[in-house]
1. Taking region 228-336, which GluC sites (Glu not before Pro) meet the DSSP loop condition and have no more than 11 other C-beta atoms within 10 Å?
2. Show me 56-62, 130-136 ranked by packing, highest mean number of other Cβ atoms within 10 Å first.
3. Take the Cα radius of gyration of region 287-332 and divide it by 2.2 N^0.38 Å, with N its residue count; two decimals is plenty.
4. What share of the DSSP beta bridges in the chain is antiparallel, in percent to the nearest 5?
5. For region 174-257, which chymotrypsin sites (Phe, Trp or Tyr not before Pro) pass both filters: DSSP loop (anything but H, G, I, E, B) and at most 15 other C-beta atoms within 10 Å?
6. Between rounded, prolate and oblate, where does region 1-139 land on the alpha carbon gyration tensor, with a ≥ b ≥ c its root eigenvalues, rounded for a/c under 1.5, else prolate if a/b exceeds b/c?
7. Could you tell me how many degrees, from 0 to 90 and to the nearest 10, lie between the Cα long axis of helix 11-23 and the main elongation axis, the longest principal axis, of the Cα atoms of the chain?
8. With an 8 Å cut-off on Cα pairs and a minimum separation of 6 or more residues, tell me the relative contact order of the chain in percent.
Amino acid sequence: MIVILKKNPEKQKVDHLIESFKKLGLAIHYSEGTQTTIVGLVGDTSRVDMDAICANEIVETVKRISEPYKAANRRFHPQDTVVEVCGRKIGNGHFGVIAGPCSVESEEQIICVAQQIKKSGAQFLRGGAFKPRTSPYAFQGLEADGLKLLLEAKKATGLPVVTEIMSQTHIDLFADVDIIQVGARNMQNFQLLKELGHSDKPILLKRGLANTLEEFLMSAEYLMAGGNNNIILCERGIRTFETATRNTPDLTAIAMIKRQSHLPVIFDPSHATGIPWLVEPLSKAAIAIGADGLMIEVHNNPEAALCDGAQSLNFEQFDQVMDTVKQRVAVEKKVL
Ligand code: PEP
Ligand code: MN
């Protein structure tokens, strides 16, 4: 981090500022030029409050040279992280496919979907029990009953389950869930992130609708700062001016995050596009650009789905997508 001081700062104030940096355990590189005085801060600056420094009367500006996230940063952890759930791995050459309906609707439905996606080669079952819906009048999910049904489907098929949490007050209800999803709308629910950071559950963290990659990684940092290192990131498209697709898939984000972070990154073509026929080409593209997995919405009868039916694949379509996924994953020399 570099702190540029205003012209001719009072020596006593400079000494005081430098002393405050030293107290944070930082080493100082001081350079006094004819026009500008620069104070370089060396060490872990992730806890340095840039705004507080800017507020100092002798400071002109502050610039960050390194990223504000440390635990999620590849710089300090060059090896890819592998998240292991019920003996299934995601990351560092292990590719994972999570599939299932947007929401759990009934016992027959979730077991039927679980059996079919398993047959097609998916390793994890998804299904929302607590649904973040735009309208309060839309189906809100089966809530705690939905979680029970998911566990029934796990019992019937052996597939580990992934489901979304919306409130920290529900954490105990999620005790038997295998991967807890934090959805796009809660990516910056910092209280939820803090509490999940103290659990040892694997977390699937989805990118917010309008969040930068740095904000995304800072949310992962919240989880990791609490001691939870089992984080899978999910790119799910972002809001742009384009209306042809539900969101705009940001495939570049996958390559960017994989360069900046050691955490596994998966892609959700269903929410990223909102269009079933785009799921296959976007899945191919995501695999090619380095994704560690996919999350795809699949429904037994998309036309009658209580949530996101229009973007869900039927069993036949999913089976076809999985054929392609298997081939492309092998091309990338990864294992499914
Ligand atoms: C979901 O996965 O069902 C979901 C609500 O996704 P997102 O948070 O990405 O919108
Ligand atoms: Mn959905």
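1. 242
2. Going by the mean number of other Cβ atoms within 10 Å, highest first, we get 56-62, 130-136.
3. 1.32
4. The antiparallel fraction comes to roughly 40 percent.
5. Sparse-neighbourhood loop chymotrypsin sites (Phe, Trp or Tyr not before Pro): 241.
6. prolate
7. 40
8. This gives 16 percent for the chain.
Read the figures in this text as sums done on the coordinates, not as results from a lab. All values reported here derive from a predicted model rather than from experimental measurement. All Cβ positions, glycine included, derive from the backbone under ideal geometry; neighbour counts span all protein chains shown.
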